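Quick notes on the structure that follows.
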Amino acid sequence: MSKDTQGTPVLEARGLVKRYGKVTALDHCDFDLQPGEILAVIGDNGAGKSTLIKALSGAIQPNAGEILLEGRPVSFASPNDARAEGIETVYQTLAMSPALSIADNMFMGRELRMPGLMGQVFRKLDRKRMEDFSRQKLSELGLMTIQNINQPVETLSGGQRQGVAVARAAAFGSRVVILDEPTAALGVKESRRVLDLIQEVRARGIPIILISHNMPHVFEVADRVHIHRLGKRLCVIDPKDHTMSDAVAYMTGASVPEGVAEPA
Amino acid sequence: MSKDTQGTPVLEARGLVKRYGKVTALDHCDFDLQPGEILAVIGDNGAGKSTLIKALSGAIQPNAGEILLEGRPVSFASPNDARAEGIETVYQTLAMSPALSIADNMFMGRELRMPGLMGQVFRKLDRKRMEDFSRQKLSELGLMTIQNINQPVETLSGGQRQGVAVARAAAFGSRVVILDEPTAALGVKESRRVLDLIQEVRARGIPIILISHNMPHVFEVADRVHIHRLGKRLCVIDPKDHTMSDAVAYMTGASVPEGVAEPA
Amino acid sequence: MAEADRYEDVVRTRSDEKFAEFEDTGKGLWGRFHELLHTTPAIVPLIVLLAACIVFGLILGSKFFSPFALTLILQQVQIVGVLAAAQALIILTAGIDLSVGAVAVLCSVIMGQFTFRYGVPAVLSVPIGLACGTAIGAVNGWLVSKVKLPPFIVTLGMWQIVLAVNYLYSANETIRAQDIEAQAPFLQFLGTKFNLGGAVFTFGVVLMLIVVLVLAYVLRSTAWGRHVYAVGDDPEAAQLAGVDRHRTIMSVYMLVGFICGLAGWVMIGRFGSVSPSATTGVIGNIQAITAVVIGGISLFGGRGSILGAFFGALIVGVFELGLRMAGADPQWTYLLIGVLIIAAVTVDQWIRKVTA
Amino acid sequence: MAEADRYEDVVRTRSDEKFAEFEDTGKGLWGRFHELLHTTPAIVPLIVLLAACIVFGLILGSKFFSPFALTLILQQVQIVGVLAAAQALIILTAGIDLSVGAVAVLCSVIMGQFTFRYGVPAVLSVPIGLACGTAIGAVNGWLVSKVKLPPFIVTLGMWQIVLAVNYLYSANETIRAQDIEAQAPFLQFLGTKFNLGGAVFTFGVVLMLIVVLVLAYVLRSTAWGRHVYAVGDDPEAAQLAGVDRHRTIMSVYMLVGFICGLAGWVMIGRFGSVSPSATTGVIGNIQAITAVVIGGISLFGGRGSILGAFFGALIVGVFELGLRMAGADPQWTYLLIGVLIIAAVTVDQWIRKVTA
Amino acid sequence: QDGGSACLITKTDTNPFFVKMREGAAAKAEELGMTLNSYAGKVDGDNESQVAAIETCIANGADGILITASSTSAIVPSVQQARDAGILVIALDTPLDPIDAADMTFATDNFLAGELIGQWAAAKLGDAAADARVAFLDLDVSQPTVGVLRDQGFMQGFGIDLADRNKWGDEDDSRIVGHDVTQGNEEGGRKAMENLLATDPMINVVYTINEPAAAGAYEALKAIGRENDVLIVSVDGGCPGVQNIADGVIGATSQQYPLLMASKGIEAIAAFAKDGSKPEATEGKNFFDTGVKLVTDQPVEGVESISVDEGKDLCWG
Ligand SMILES: Nc1ncnc2c1ncn2[C@@H]1O[C@H](COP(=O)(O)OP(=O)(O)OP(=O)(O)O)[C@@H](O)[C@H]1O
Ligand SMILES: Nc1ncnc2c1ncn2[C@@H]1O[C@H](COP(=O)(O)OP(=O)(O)OP(=O)(O)O)[C@@H](O)[C@H]1O
Ligand SMILES: [Mg+2]
Ligand SMILES: [Mg+2]
């Protein structure tokens, strides 16, 4: 299940810095994602993981540093720019509009219009096509059977919402799929479905960034593990060569990986 | 670490029913908590776990059924009633006021007043005493060292907030402490602290109800495991006699525990 | 795979099980009614409207159900109806616009003054007035979206500014209906009457209906409409999900300014004259907000429909006309409108509760 | 312990490590200023207020800094100041009260009419008026808390109801200052003057200061005050954390009704007469809201201080008087107040940003 | 009731002037056995509500309408609509623009009312009028017609160049301290007076739009102890206002007769309902003049006035 990870990274970051007032959430952070891999990002609460992926997906603009997509420098002014490049993200907060329907949420910002006059002149949405696609994606991914694709997202349970968000990213992500703690509120069964889904997406050749606090899950699916500590990448380890205890020790600062100098 | 669990339950529920419109969240659910034990409640998303503990802690009023505290029927009209009986709860949503300080939140609804005239006539709060107590509890429980006990809760990280909520419950709970998914958003280190804390509280002789989706955690700390399914108690198992796989199989309906008839 | 424990694998053995199932709604008449209520929130104000009509019909008899009286209601609500549509748009984005009435009056003054003071042909003055409305909307939108000021404050300030500019610019001069009729009848175009089955309508009423229907369509069936709801619902989430928050808000405020301009044109049609002291400038905002809230649009944004706001305006219109026709003292009318506001929303709340 | 895996135990080996540490703020002057801003949000409107005073002082010279002009500002803001304190309380609970001004006027009318129509001694009429204010507040509170209607709507309706009742009950009759002075001077008690270092103050001004200071104390230093903030911040969370939401909301609305009654009494003191058509009934609500938002209290509840609202009222007072003294005509004053509202909040926003 | 039905539409129903007008109309209608519906604008200058009221009267099939127009020109199309529907329309208090837009006008001349108090104030001051300091306490920033007429009338009477006769605030006479607005009540009167006193504490003549505003201005003057050396003049002639002249609050006021206007109006409608006859104008004028009289207890040479006692007999409150 593991693979060689040399070559141009799909997504790369060099020296990212992001400050919030007095807090430095990212402190010259490096990052790389290789083609076709599942890269897990682990770290303490507040280590800056979410900030990192927000910078990678255009949701925030870093104060310094550069982002490279397949070797080419890019700068995303908004999540839409990143999505245009095929980078789809499930944010920790899910980013759904509670009062809108599942289908509306799936297609938010990339709605389909009717063909012909109705679409071009009256800009009418092609609801049927959007609903069919949403329904198909949700059931195709085996994630859920929802009777009514038009029910507002707020009527779904937390788990179901997370399912919709993951399905949206999996359906539209053509280059990279980023998942920020997709299983935090999920039950055992639901978490398992998400893990299966991650592997399906990878099987389609799309690399995945997975942030999680669940070590068994991380070690089960990840090809490489990026350990984040105090706003920067501490090291990247191969889960086959390290134990969970090692990983936890590194990320909490209990021990220092080889070749890394722990800051004073 | 395990103990005999016979005798009058500290907290008991018989035939609780709670309906939300067309959804039946609790469907004639039974429940009991023995003195001094850690009782884990596990179940799928939407099984009704949070609804159950909300009924037990007075946050909602069940449509039917009765609740017994040490054998005596009680009816809680509000969380305050339950707190007056020594039942403290950490809700899934944490129930904090973001703009208020840590100390304010710790003492919300049971503020301390100054001694003498200032307190009795002018009803002035004894800030110093509340702050000292909060600081002491937070550090005593080894959970965190916060420099400024007066900073608003909204400036804390999710993990720190969860820490404050748990510390509040542990500090004031004199009869029962209820925790609804206290480690959902927490990192490895922070989760560990919370688990340690749970065991400390139990060591003080206070029984604990713990809802969690994390099987290893549940099996590590629980004396008994209440498996919730489709709005009611399916069974209670002893973690020493069952494997995690058994528990997961029961709660997801993959297999049926002995002596229970799976509904059609 | 290191030490990962496979206890979770068991869930795969029954993977055919449904993740979540939704109860099929019992499709009786009651069930269908429920569904209607949930998919069409405008139904509640519609019920209130019909009930009000029936009550007044019973009290006033045929006088109230004459074509004259019924079309009169439309005539009388046309300005508030257009403003309510604009207000509803803003409130859907979780904003509020206190300047709608003042902008409408200023636009009507601009249309009049350009024609009569500067001699611009009326067919040009009208678009100039509409452009001014749009520009004021753009300023509001910019302050809300870029400077991130609360809409209440921005439009509170703008209300006073626009009203003062209106008085200063017009020198408080009314342009008389006779003069407009003689020299620039196009300004009164929306006052043109036509007969439809005994009832008299004006183009202004038609314009109001068009504005409401077009907005209803756009909000329901275009991407922009969905974005308006999403931004009102949760701006952060909408932004992350790929909606351009700034563009959406700007477009909403500009469109609202434009619609207020239209309302100004409607005013000329209805009153014949151009008057800077028209009360709409002072109380148009409260009237529009009243219509919107009676129409069941949440002040917290993201919920409700423009049709509801229209029905809300009609409800107020029916009450005002009905009470006036019944000879109620004006102060009693205000009192009853006050009671109506509270009652309508209580009923709405209650209906939503029993059908939840 | 079944199959539980102990990979997490490693974190115990360094349990002395801090869970979270908070950067010590660099305690320079700037650092202290930051801290002040965060702990005392009323500081921003205070800065704006001082800046406004300085600017007008420079423009107008000693005329503006005369005891007459400075105490005049206090005289002129006393009604709005009291209403703003009431409004601030409601806004802290994430509500809004459009009826404050109307309730104040009605209470003053009740005090006057009870004395002159029914012959009740003035020392009794005043408490009766205050009780009526409290009762109206209770109705508002009950509708908001129990029936769960949006405060905006409840008080929009109540505003119209109270205003209409006010006109109907009083039959629009003014009670003349001379008659009150002769027969019931206690009604004018709050108009009593006293001299303090050359400046003339009235008991009404003193009452305003007392109301503001007492509310500031109560909100800051009592459990009830904390509950008000908690309910405004997140009512669900407050309820779960053990606050009696209903009681808190009821007490806030009742207290606000009572304070509005006080404002009515202040009005009699200031105008000498009792007039049902006082402007406060119509625009008192907007004036109070303006003061509150300029004072930096969030319309979403739970943030801000009552002192801020007081400074907000003073800012408007300083601008109005300053502009009039500088010779701006009423329409220009009106316009500039609009600009001020937007500018004050922009500055507030900006200060908060650069000091974040 | 078979005496026909009438509508009374006033500018507002919060100003005592209109309240009394309504009472007069109601009493007369009662006497003649007519049905009377009363309507009013929400605020001063509210044309919209008056249009809606006229439409309601048409829908109700009224025989006649009495209206005190908020906007004398903007209301004309609606009045025309009512007349086309066969309704007798009588303008009360304020003539429409043009005056023949109504069937008849029962009015006071507001400009004349202002002129009288202006003349009185000038005569009272004598030579000091040349360097008087005059404050104007007007109605509203929107400058409703009635406010402009009274204000400009005062200036005419006092000897100030009017500039544009249709607005206040464009004059450049150095005796004018300033204009402020009062909403025609005590609250606004006091604040406006204070504002103008802050600009110039030496004000010695105060024009006020009506007597409540004058009472407010008096309170402001009293607060600084200048109530006895300032002349306050006003318009209206309500009973509390006349009493205020006796009490020395106001120097002089121009009294108008709303009760008379209203009862005459109702009589005219009753006559019209009976036989279609329309009322006649006063000799030599194009309207029925209900008159205006200056009330003061300090009569001056050259300005006709009546005493406070006479004023009390005629007052409408
Ligand atoms: N919008 C913001 N404003 C201010 N500070 C922020 C903001 N977002 C994040 N931070 C701060 O930046 C730091 C990193 O936050 P981040 O959310 O990236 O952590 P994380 O690694 O994702 O933690 P978790 O595991 O709890 O999600 C934290 O100290 C946090 O408080
Ligand atoms: N306030 C509410 N209104 C309507 N339905 C509700 C409400 N609260 C809970 N429910 C419904 O009741 C059911 C049980 O919810 P509950 O929150 O108790 O589940 P849970 O077991 O705690 O799930 P999770 O593990 O996701 O927290 C769900 O179907 C949920 O949608
Ligand atoms: Mg994160
Ligand atoms: Mg739950």
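Throughout, read-outs are computed from the coordinates displayed, never taken from laboratory work. No experiment lies behind these values; they were computed from the predicted model shown. Using ideal geometry, Cβ is built from the backbone for each residue, glycine included, and neighbour counts are taken over all protein chains shown.
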> Counting Lys and Arg as +1 and Asp and Glu as -1, what is the net charge of the other residues whose Cβ lies under 10 Å from the Cβ of residue A:127?
Replying inline: -1
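Total Lys pairs in chain B closer than 13 Å by alpha-carbon, pairs eight or more apart in sequence or interchain only?
Count of close lysine pairs: 5.
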>> Roughly how far apart, in whole Å, are the Cα centres of segment B:70-115 and segment C:234-297?
In response: 45 Å
>> Could you compute the net charge surrounding residue B:152? Neighbours are other residues with a C-beta less than 10 Å from the C-beta of residue B:152; K and R count +1, D and E count -1.
In response: -2
> How many nm is it between the label spots at residue E:35 and residue A:204, if each spot is 7 Å from the Cα in line with the beta carbon?
Replying inline: 7.3 nm
> If contacts are Cα pairs under 8 angstrom and at least 6 residues apart, what is the relative contact order of chain E in percent?
Replying inline: 19 percent
> Given a cut-off of under 8 Å on Cα pairs at least six residues apart, what relative contact order in percent is computed for chain D?
Replying inline: 32 percent
>> For chain E, set up a GNM with springs between Cα atoms under 10 Å and report which of E:14, E:94, E:68 has the largest fluctuation.
In response: E:14
> If you look at just the Cα atoms of segment B:117-264, how large are its Rg and its Dmax in Å?
Replying inline: 19.4, 67
> Semi-axes of the equivalent ellipsoid of chain A: what are they in whole Å, largest first, if each equals the square root of 5 times a C-alpha gyration tensor eigenvalue?
Replying inline: 33, 21, 17
> Once the principal axes of the Cα atoms of segment C:89-150 are found, what is the range along each, listed largest first in whole angstroms?
Replying inline: 40, 19, 15
> Which far-off residues, 5 or more places away or on another chain, put their amide H under 5 Å from the one on residue B:228, with H placed in the peptide plane?
Replying inline: B:42, B:43, B:234
>> Treating the point 7 Å from Cα along Cα-beta-carbon as the label, what are the nm separations from residue A:28 to the other copies, to one decimal?
In response: 6.8
> What nm distances, shortest first, do you get from the label point of residue C:196 to those in the other copies when the point sits 7 angstrom along Cα to Cβ?
Replying inline: 6.7
> What residue of chain A has the nearest C-beta to the axis that moves A onto B, and what is that distance in Å, given as a whole number?
Replying inline: A:184, 3
>> Under 5 Å between amide hydrogens, which residues at least 5 positions from residue B:11 or on another chain qualify, with H placed 1.01 Å from N in the peptide plane?
In response: B:33, B:70
> In nm, to one decimal, how far is the modelled label at residue C:63 from the one at residue A:28, with both set 7 Å along Cα→Cβ?
Replying inline: 8.7 nm
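Scan chain D and report its longest stretch carrying no GluC sites (Glu not before Pro) that are both in a DSSP loop and have at most 11 other Cβ atoms within 10 Å.
Free of exposed loop sites, the longest segment is D:24-356.
Based on Cα coordinates alone, diagonalise the gyration tensor for segment D:42-349, multiply each eigenvalue by 5, take square roots, and list the semi-axes in whole Å, largest first.
28, 27, 17
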>> With θ taken as phi - 60° and the coefficients 6.51, -1.76 and 1.60, list the Karplus ³J(HN,Hα) couplings across segment A:72-81 in order, rounded to whole Hz; mark glycine and proline as x.
In response: 9, x, 10, 9, 9, 7, 7, x, 4, 4
> What list of ³J(HN,Hα) couplings, whole Hz, do you get for segment E:181-193 from phi and the Karplus terms 6.51, -1.76, 1.60, once you set θ to phi - 60° and write x for glycine and proline?
Replying inline: 10, 10, 6, x, 9, 4, 4, x, x, 5, 5, 4, 4
>> I'd like the Karplus ³J(HN,Hα) series for segment A:103-118: coefficients 6.51, -1.76, 1.60, θ = phi - 60°, whole numbers in Hz, and an x wherever there's a Gly or Pro.
In response: 4, 4, 5, 4, 9, 3, x, 8, 4, 9, 9, 4, x, x, 4, 3
> Got a sec? Which residues in segment B:205-235 would a label at residue B:20 touch, if it sits 7 Å along Cα→Cβ and we count backbone N under 14 Å?
Replying inline: B:231
> According to a simple spin-label model (label point 7 Å from Cα along Cα-to-Cβ), what is the distance in nm between residue A:139 and residue D:199?
Replying inline: 7.7 nm
> What are the lysines whose alpha-carbon lies under 30 Å from the alpha-carbon of residue E:285, with same-chain residues fewer than 8 places away excluded?
Replying inline: E:11, E:20, E:28, E:167, E:264, E:274, E:293, E:312
> Quick one: if the Förster radius is 60 Å, what FRET efficiency do residue D:168 and residue B:117 give, using the C-beta to C-beta distance and rounding to 0.05?
Replying inline: 0.80
> In peptide D:169-179, how many Cβ atoms from other protein chains are near each Cβ within 10 Å, on average?
Replying inline: 6
>> Taking amide H atoms as placed 1.01 Å from N in the peptide plane, list the residues 5 or more away in sequence, or in a different chain, whose amide H sits under 5 Å from that of residue E:36.
In response: E:6
> Summing Lys, Arg as +1 and Asp, Glu as -1, what charge do residues with Cβ under 10 Å from the Cβ of residue E:163 carry, residue E:163 excluded?
Replying inline: -4
> Which value does Rg/Rh take for the protein assembly as shown over its C-alpha atoms, Rh per Kirkwood?
Replying inline: 1.01
> Computed FRET efficiency, Cβ-Cβ of residue D:339 and residue E:278, R0 56 Å: what is it to the nearest 0.05?
Replying inline: 0.60
>> Using Cα springs under 10 Å in a Gaussian network model of chain B, which residue among B:162, B:151, B:61 shows the largest mean-square fluctuation?
In response: B:151
>> As a test of the formula, what do you get for chain B when each DSSP H run with n ≥ 4 contributes -39,500 (n - 2.57) and the sum is divided by the residue count, at 222 nm and rounded to the nearest 500 deg cm²/dmol?
In response: -9500 deg cm²/dmol
> Given only helices, namely DSSP H runs of n ≥ 4 each adding -39500 (n - 2.57), what is the per-residue ellipticity at 222 nm of chain C, to the nearest 500 deg cm²/dmol?
Replying inline: -23500 deg cm²/dmol
> When each copy gets a label point 7 Å from Cα toward the beta-carbon at residue D:244, what are the spacings between them in nm, shortest first?
Replying inline: 5.4
>> Could you tell me the relative contact order of segment B:196-255? Use alpha-carbon pairs under 8 Å, at least six residues apart, and round to a whole percent.
In response: 23 percent
> What residue among A:114, A:96, A:215 shows peak mean-square fluctuation when chain A is described by a Gaussian network model with Cα springs under 10 Å?
Replying inline: A:114
